[in-house]
Structure formats: C-alpha cells, structure tokens
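Asker: What follows is a structure written as structure tokens; I'll ask about it next.
The values are calculated or read from the model by the stated rules, or taken from the named source; none is laboratory data. Here the structure is a predicted model, which is why all the values come from computation and not from measurement. All Cβ positions, even for glycine, are placed from backbone atoms using ideal geometry, and neighbour counts span all protein chains on display. When the accessible area is computed, the model is the full protein with side chains, heavy atoms only, and any ligands, DNA or RNA have been set aside. Shrake-Rupley method; radii C 1.70, N 1.55, O 1.52, S 1.80 Å.
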Amino acid sequence: MTARTVLFVGYDGVGLLDLTGPFTVFWSASWFLAQRGEPPYDRRVATVNGGPVNTADGITLVAE
C-alpha cells in the first residue's frame, strides 16, 4: 500500500492556525498509522502562485 498525499494550499492572508492545525492532525494520524505498520500520509504544503505567501498572522510561509 502506498502513502496517501494530502495537499494543503496556502494563500495570502491565510490564518496560520488554519493551515498548521489540519497539518498537525494528519501528522498525528500518520504517527498512529506507522505504529500499525501502515503507510503514513504524505503531507505537502503548496501555494497558489508557487511563491511565498504572507499569513494573516504576519509570518511569511515558503512552501514546496
């Protein structure tokens, strides 16, 4: 069985918690899957235009 990819999309003005909260949920799920010998989630962050985005919280996010 192969890993499942989950893509999180960042855009100018995104709330940092709105992006990192779900990312962390899938990190936790991946940890539990690994304990059972199952493939984890492949978590990726992309941006709409492919470059850095400024979050609503004042942090610049650089993604794949």
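Asker: Can you tell me which residues in segment 25-40 are farther than 11 Å from Phe8 by Cβ and not aliphatic (A, V, I, L, M)?
Answerer: Within segment 25-40, Trp27, Ser28, Ser30, Trp31, Phe32, Gln35, Arg36, Gly37, Glu38, Pro39, Pro40 meet the criteria.
Asker: Kindly list, by first and then second residue, each pair from a residue in segment 2-17 that is touching a residue at least 24 places away in the same chain (Cβ under 8 Å) to a residue that is of a type in the set (Ser, Thr, Tyr) and open to solvent by 40 Å² or more (accessible area, probe 1.4 Å), limited to pairs with Cβ atoms under 6 Å and residues at least 6 apart or on different chains.
Answerer: Within 6 Å, the pairs are Arg4/Tyr41; Val6/Tyr41.
Asker: Something else now. Specify the residue that is most open to solvent (accessible area, probe 1.4 Å); the eligible residues are those in segment 12-32 that are of a type in the set (Val, Ile, Thr) and within 20 Å of Asn54 (Cβ to Cβ).
Answerer: Out of the qualifying residues, it is Thr20.
Asker: Another question about this same structure. Please go through segment 33-55 and pick out each residue that is open to solvent by 50 Å² or more (accessible area, probe 1.4 Å) and aliphatic (A, V, I, L, M).
Answerer: Ala34, Val48 - these are the residues of segment 33-55 that are open to solvent by 50 Å² or more (accessible area, probe 1.4 Å) and aliphatic (A, V, I, L, M).
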